[in-house]
Ligand code: BGC
């Protein structure tokens, strides 16, 4: 399509309509009477709706086709709508929440999952997914930590890169490719107090060196869209932040795709107190670099005035509109507005055996064995098995943002164990509700009775999916009192108990880490969660996930991350308290988290040989290698994530005590040894210097290798 020629034929309102995104309900057939009210709320008429360029919140190929038919018929130039959707961890076949995927340390798997999801989404009519979320997260009180791959920028960069390449395939050329919209630009994951939508206060250095890299990784991977975040940074709402949306994004990073606001964020800038009225908000957002406004039409309504006042130019408007038309063209919508939407393919692909198998493996790879005194894996010969707790037979284990996913599609733990061990005597008792406000303990006796003489007790606890995700910040990170009471009673009855957790954020597990023989963190594992849990509990699969977000010892520690600074008064022992006064301590808690970044156990054991370094000096254009032999010393095959950290001892701004710089996930058979070799180069040592440029400084560095962020061997090298 000659989009320039098309643009030349469009009126101002037709053009700017392309920058408006409306809910799908506006475009439903025979809905004309029903849109008058909602349109009036946006200060537009039903006739204006026909100019709109994109939509969100629709489900399925049939709905898409009907909406598209109606919209293209009404649009004066028959321009098709772009269909966008939050496809975050699967479309219909759901895999673990992104925080779980982070723990897999397996970007190749994430790439494959994103490919699969693009396919399921494309056949349902999705053109753009509002994913990946590249927000760095360090405060488990924030409900949206579930949408991030964690607290580390290296992991996040690799994961968002995998997501974007997986969704977009060969730059949208394939029938099943969809465009990626990275979000929420920027630093949405650092709200004060962990409260959603709250203000962010951050130095430019912190932003540049810690928070921005993952968004940049998504842009570098070719993400076609960027979503501005709701929050303010230093008092400036991102939606109106020209430095972010234009200077950094387009100027420094060379992004030439589309920028969209978050939901109703133009209006929210008025509520923030940043702009007086809709016209000023519209100008600020457009001037800052927003192209599309999500579910509002402020710019559409005020554009003529802004043009008349000379505050915006036709050239700027044309540029933004062309960006929308280009994406439509690249997706092939002018040739076929329905693109890949196809009900038969939906029926064939959604929840198909191949996809179910993929998401089960993803759930196995994403779960983290936090503790094991040896009770796991349970013997498959167990005769009587008690599956107890509020998540024992709970289908709500998909996690927030599941698009077309349905709870009833999911396999519960009980169902998973029944399928794996059809001959076992399996009893199930809920014990208590998962509702955090429910105090009824009357079911505990029955759960205890079920657990009493069981050979294996699977105690399924956690935080229901409805308590994490957007708008679900929590001030308490513990398990609810009823679940704690249940756990105490069951653990006292039968020591052959493993706790299986379903939750969307790190929880405070300090008591259970002490009293439970084993804890398996499943996160919200998706459609095949129960099958994966059964395989892991009974040794059909070997846990290999490692935490990408620290589990705090108590809620007062958050925000917390492993890459802290030393301070001028480090505590002598970060694991103990009370420690010496006048150190950077807590009186009543240790400095270290309960379970650190990178932690995760296996049913086998790995032995690390002495690490070696190829040279003790590194030049600016050279490379040194760091290697270590890792041996599987147990009797099961497994996968181990070997981690490489670096510390810069002295620099003109203080550097963290360690930073993950590389990792490798290797498969090892029993008795097998593999040498893992990492390459260290100067660019891995760069930081945001005092003069506000990225660079490294000569000097000495520790390089550390190990199975998690604490058990590390270390050697030294000098950058010359
Ligand atoms: C969320 C975004 C999401 C959008 C559209 C907003 O409330 O913050 O992450 O993409 O809604 O559903």
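The values are calculated or read from the model by the stated rules, or taken from the named source; none is laboratory data. Predicted, not measured: the structure shown is a model, and the values here were computed from it. Positions of Cβ are generated from backbone atoms using ideal geometry, with glycine treated the same way; all protein chains shown enter the neighbour counts.
Here is how the numbers come out for the structure above:
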{"item": "Leading residue by the ranking (farthest from the ligand (Cβ to nearest atom)) among those in segment 83-103 that are crowded, with 24+ Cβ neighbours inside 10 Å and within 30 Å of residue 301 (Cβ to Cβ)", "result": "83"}
{"item": "Qualifying residue in segment 423-441 (condition: assigned to a helix (DSSP H, G or I), surrounded by 24 or more Cβ atoms within 10 Å (Cβ to Cβ) and in contact with a strand residue (DSSP E or B) (Cβ under 8 Å, 6 or more places away or on another chain))", "result": "no"}
{"item": "Residues of segment 1-56 that turn out to be in contact with a helix residue (DSSP H, G or I) (Cβ under 8 Å, 6 or more places away or on another chain), within 13 Å of residue 300 (Cα to Cα) and in a helix (DSSP H, G or I), as a count", "result": "8"}
{"item": "Residue list for segment 595-610, restricted to those being in a loop (DSSP other than H, G, I, E, B) and surrounded by fewer than 21 Cβ atoms within 10 Å (Cβ to Cβ)", "result": "596, 603, 604, 605, 609, 610"}
{"item": "Residue count for segment 247-273, restricted to those that are within 25 Å of residue 470 (Cα to Cα) and assigned to a loop (DSSP other than H, G, I, E, B)", "result": "5"}
{"item": "Meets criteria (more than 16 Å from the ligand (Cβ to nearest atom), surrounded by fewer than 24 Cβ atoms within 10 Å (Cβ to Cβ) and in contact (Cβ under 8 Å) with a residue 12 or more places away in the chain) for residue 50", "result": "yes"}
{"item": "Candidate set: segment 283-307, residues that are more than 16 Å from the ligand (Cβ to nearest atom) and part of a loop (DSSP other than H, G, I, E, B); chosen: the one farthest from residue 49 (Cα to Cα)", "result": "289"}
{"item": "Test for residue 228: is it touching a residue at least 40 places away in the same chain (Cβ under 8 Å), within 13 Å of the ligand (Cβ to nearest atom) and more than 23 Å from residue 465 (Cβ to Cβ)", "result": "yes"}
{"item": "From 126, 137, residue being more than 21 Å from residue 216 (Cα to Cα), within 16 Å of the ligand (Cβ to nearest atom) and not in a helix (DSSP H, G or I)", "result": "126"}
{"item": "Given (1) farther than 18 Å from residue 42 by Cα; (2) within 16 Å of the ligand (Cβ to nearest atom); (3) assigned to a loop (DSSP other than H, G, I, E, B), number of the condition residue 215 does not satisfy", "result": "(3)"}
{"item": "Only listed residue being away from the ligand (no atom under 16 Å from the Cβ) and either in contact (Cβ under 8 Å) with a residue 12 or more places away in the chain or in a helix (DSSP H, G or I) (or both), chosen from 315, 276", "result": "315"}
{"item": "Filtered residue count, segment 379-402, keeping only those that are touching a strand residue (DSSP E or B) at 6+ places or on another chain (Cβ under 6 Å), buried (at least 22 other Cβ atoms within 10 Å of the Cβ) and farther than 14 Å from residue 464 by Cβ", "result": "4"}
{"item": "Selection count where residues are in contact with a strand residue (DSSP E or B) (Cβ under 7 Å, 6 or more places away or on another chain) and more than 16 Å from the ligand (Cβ to nearest atom), scope segment 170-185", "result": "1"}
{"item": "From the options 249, 244, 258, residue that is within 16 Å of the ligand (Cβ to nearest atom), in contact with a helix residue (DSSP H, G or I) (Cβ under 9 Å, 6 or more places away or on another chain) and within 24 Å of residue 208 (Cα to Cα)", "result": "258"}
{"item": "Test result for residue 110, touching a residue at least 24 places away in the same chain (Cβ under 8 Å), buried (at least 24 other Cβ atoms within 10 Å of the Cβ) and within 16 Å of the ligand (Cβ to nearest atom)", "result": "no"}
{"item": "Residue that is touching a strand residue (DSSP E or B) at 6+ places or on another chain (Cβ under 6 Å) and closer than 20 Å to residue 85 by Cβ, where the choices are 25, 54, 66", "result": "54"}
{"item": "Boolean, residue 71 is assigned to a helix (DSSP H, G or I) and buried (at least 24 other Cβ atoms within 10 Å of the Cβ)", "result": "yes"}
{"item": "Unique match (being assigned to a loop (DSSP other than H, G, I, E, B), at pLDDT 95 or above, within 16 Å of the ligand (Cβ to nearest atom) and under 18 Å from the mean Cα position of the chain (by Cα)) among 188, 167", "result": "188"}
{"item": "Odd one out for residue 635, checked against (1) surrounded by fewer than 17 Cβ atoms within 10 Å (Cβ to Cβ); (2) touching a strand residue (DSSP E or B) at 6+ places or on another chain (Cβ under 9 Å)", "result": "(2)"}
{"item": "Output for segment 354-378, where each listed residue is part of a strand (DSSP E or B) and surrounded by 24 or more Cβ atoms within 10 Å (Cβ to Cβ)", "result": "368, 370"}
{"item": "Selection count where residues are free of Cβ contacts under 8 Å to residues at least 60 places away in the same chain and in a loop (DSSP other than H, G, I, E, B), scope segment 442-474", "result": "3"}
{"item": "Options 370, 333; residue that is touching a residue at least 40 places away in the same chain (Cβ under 8 Å) and more than 30 Å from residue 144 (Cα to Cα)", "result": "333"}
{"item": "Segment 475-534: number of residues that are part of a helix (DSSP H, G or I) and either crowded, with 20+ Cβ neighbours inside 10 Å or touching a helix residue (DSSP H, G or I) at 6+ places or on another chain (Cβ under 9 Å) (or both)", "result": "21"}
{"item": "Exclusive hit being under 30 Å from residue 143 (Cα atoms) and in contact with a strand residue (DSSP E or B) (Cβ under 6 Å, 6 or more places away or on another chain), set 551, 597, 577", "result": "551"}
{"item": "Among the residues listed as 641, 625, 677, the single one being closer than 23 Å to residue 105 by Cα, in a strand (DSSP E or B), modelled with pLDDT of 95 or more and over 31 Å from the mean Cα position of the chain (by Cα)", "result": "625"}
{"item": "Qualifying residue in segment 332-345 (condition: within 16 Å of the ligand (Cβ to nearest atom) and out of contact with any helix residue (DSSP H, G or I) (no Cβ under 6 Å at 6 or more places or on another chain))", "result": "no"}
{"item": "Cross-chain or 6+ apart pairs with Cβ under 8 Å, segment 340-353 first and part of a helix (DSSP H, G or I), then surrounded by fewer than 20 Cβ atoms within 10 Å (Cβ to Cβ) and modelled with pLDDT of 95 or more", "result": "343/60; 343/62; 346/60"}
